[in-house]
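Participant: Take this structure first; my questions come after.
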Amino acid sequence: MSGHRDVALQALRSYGLAPLRVRLAAQSFNSVFRVTTAPAVYALRVGSARRIHPEGTSAVEAAWHRRLRRQGVYVPGILANTGGQLATLVTDGQAEYGARVCVVFDWVAGRSLRTRLTRRQSAALGRLSARLHQEAAAWPPPGTGDVLTADRVLYWQLPERLSAAGSRFGFGTLFTDALARAQRAVDSLWQSPPHPPHLVHGDLTPANVILSPRHGLVPIDFQDTVLGFEVQDLAITVAALRRRPDGERLAEAFRSGYSECRPWPDVSPALFESLIVARGLHQMNLTLNIAGTDGLEGYVAGHAERVRAWMRSPDV
C-alpha cells in the first residue's frame with residue numbers, strides 16, 4: 001500500500017494542493033484516498049495499474065458528472081489539475097501496464113450505503129437508478145471508443161481466464177459453457193433492443209452510493225460507465241443486493257422504488273437472471289486477472305454453485 005500512497009502524493013503535486021493529511025479511505029480495484037487540505041477535503045482515486053477501460057472513459061465520466069449536476073442530481077465535482085486536465089497519469093514502475101489514472105473529486109461527507117442498507121434505502125436506490133436512466137436517455141451517447149459497449153459478457157479490456165479456472169479447480173467446462181449461454185442472452189438483448197443504448201452507471205451498488213446527511217443518496221464512481229441498456233444496469237444492482245442476507249427483500253424494494261419513477265424493463269425472468277449470471281462471470285474474470293487463482297478455491301466454488309443452478313434453468 002505504500003506504493004499506492006506514493007502514487008497518490010505524486011498525483012497531488014499536479015493539482016497544486018497542499019495536503020495536511022492523506023489517508024486510505026477505500027480499496028477495491030482502485031484505491032481511494034481522503035485528502036485533507038486547509039480549505040477543503042477531496043477524494044483521490046488512484047487507478048489500478050491494469051487499465052480495463054478505454055482512454056476516453058475519464059472524460060465521459062467527467063461530462064456525465066457535469067450534466068447531472070446541471071440537472072439537479074448531486075454528484076461530487078471533479079477537480080482539474082494545473083494543466084486543466086481532469087485525469088492525471090502517474091507511472092509507478094509497473095511498465096507492463098502503463099500509467100495509473102488518478103482523478104480528484106470533492107469529498108462527499110456521509111456513510112457508504114452498504115453500512116445502512118434497509119428496505120427503505122433500497123427503494124430510494126431504485127428511485128436514484130431511475131433518475132440516472134432518465135437523464136442518460138436524454139443525453140446523446142459519447143463517441144465510439146470513448147467508453148466500452150456492454151454487448152459482450154466480458155466487456156472490460158481483459159483476457160478470458162474462466163476456462164483456466166474451471167480446469168484448475170475441477171469444474172471442467174462449466175464456466176466456458178455458462179459464458180457461451182450468457183453471451184447468447186446478451187446477444188438476444190442487443191438484437192432486439194428495448195430502447196436505443198445509452199450510458200449506464202455500470203456499477204450502481206450500495207458500495208458506490210454515499211448516504212449523505214445533506215444530499216441524500218449520492219452516486220459515486222462512474223468509472224465503469226458503459227453504453228448499454230437499462231435492464232443490464234438494473235441486473236448489476238440486483239446482483240449486488242442479492243448477496244446480502246435479506247437480498248430478495250432488498251431487491252423487491254429496489255424494484256418498487258424504481259417503478260415509482262420509471263417503468264421496469266419488460267423482459268422475461270429468464271433473461272434477467274441470465275444478465276445477473278453474466279455480471280457474476282464478468283466480475284469473476286476480473287478477479288482472476290487481478291489475483292490469479294492461488295487461494296481462490298472457495299471463491300471459485302461459490303460461483304460454480306450459482307452457475308450450476310442457473311445452467312439447470314430454462315434458457316432464454
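The values are calculated or read from the model by the stated rules, or taken from the named source; none is laboratory data. Everything quoted here is computed from the prediction, not taken from an experiment. Here the Cβ is made from the backbone with ideal geometry for all residues, glycine too, and neighbour counts use every protein chain on show.
Participant: Using the structure shown, decide if Asp203 is modelled with pLDDT of 95 or more and surrounded by 15 or more Cβ atoms within 10 Å (Cβ to Cβ). Please lay out each step first, then the result.
Facilitator: On the way: modelled with pLDDT of 95 or more: yes; surrounded by 15 or more Cβ atoms within 10 Å (Cβ to Cβ): yes.
For Asp203, the condition - modelled with pLDDT of 95 or more and surrounded by 15 or more Cβ atoms within 10 Å (Cβ to Cβ) - is met.
Participant: Report whether or not Ala38 is crowded, with 16+ Cβ neighbours inside 10 Å and at negative phi. Give the derivation first.
Facilitator: Details: crowded, with 16+ Cβ neighbours inside 10 Å: no; at negative phi: yes.
Spelling it out, it is not the case that Ala38 is crowded, with 16+ Cβ neighbours inside 10 Å and at negative phi.
Participant: Shifting gears a bit: Inspect region 235-242 for any residue being in contact (Cβ under 8 Å) with a residue 40 or more places away in the chain, basic (Lys, Arg) and surrounded by fewer than 19 Cβ atoms within 10 Å (Cβ to Cβ) and give the result as yes or no. Before the answer, list the steps.
Facilitator: The first filter runs over region 235-242 and keeps only residues in contact (Cβ under 8 Å) with a residue 40 or more places away in the chain, leaving 235-237, 239, 241.
Next cut, basic (Lys, Arg) only: none.
Taking every residue of region 235-242 in turn, none turns out to be in contact (Cβ under 8 Å) with a residue 40 or more places away in the chain, basic (Lys, Arg) and surrounded by fewer than 19 Cβ atoms within 10 Å (Cβ to Cβ).
Participant: Another one. How many of the residues making up region 111-146 are touching a Lys or Arg at 6+ places or on another chain (Cβ under 8 Å) and not in a helix (DSSP H, G or I)?
Facilitator: Total satisfying the criteria: 2.
Participant: Quick one: is Ala165 of a type in the set (Gly, Ala, Ser), more than 30 Å from Arg262 (Cα to Cα) and either modelled with pLDDT of 95 or more or surrounded by 14 or more Cβ atoms within 10 Å (Cβ to Cβ) (or both)?
Facilitator: Details: of a type in the set (Gly, Ala, Ser): yes; more than 30 Å from Arg262 (Cα to Cα): yes; either modelled with pLDDT of 95 or more or surrounded by 14 or more Cβ atoms within 10 Å (Cβ to Cβ) (or both): yes.
When the stated conditions are applied, Ala165 passes them.
Participant: Now a separate question. Taking region 291-316 only, how many residues are surrounded by 15 or more Cβ atoms within 10 Å (Cβ to Cβ) and more than 11 Å from Ala178 (Cβ to Cβ)?
Facilitator: 5
Participant: Tell me which residues, restricted to region 284-310, are under 21 Å from Arg50 (Cα atoms) and either in contact with a His (Cβ under 9 Å, 6 or more places away or on another chain) or of a type in the set (Gly, Ala, Ser) (or both).
Facilitator: The initial filter retains those residues of region 284-310 that are under 21 Å from Arg50 (Cα atoms), namely 284-296.
Passing the criteria: Met284, Ala291, Gly292, Gly295.
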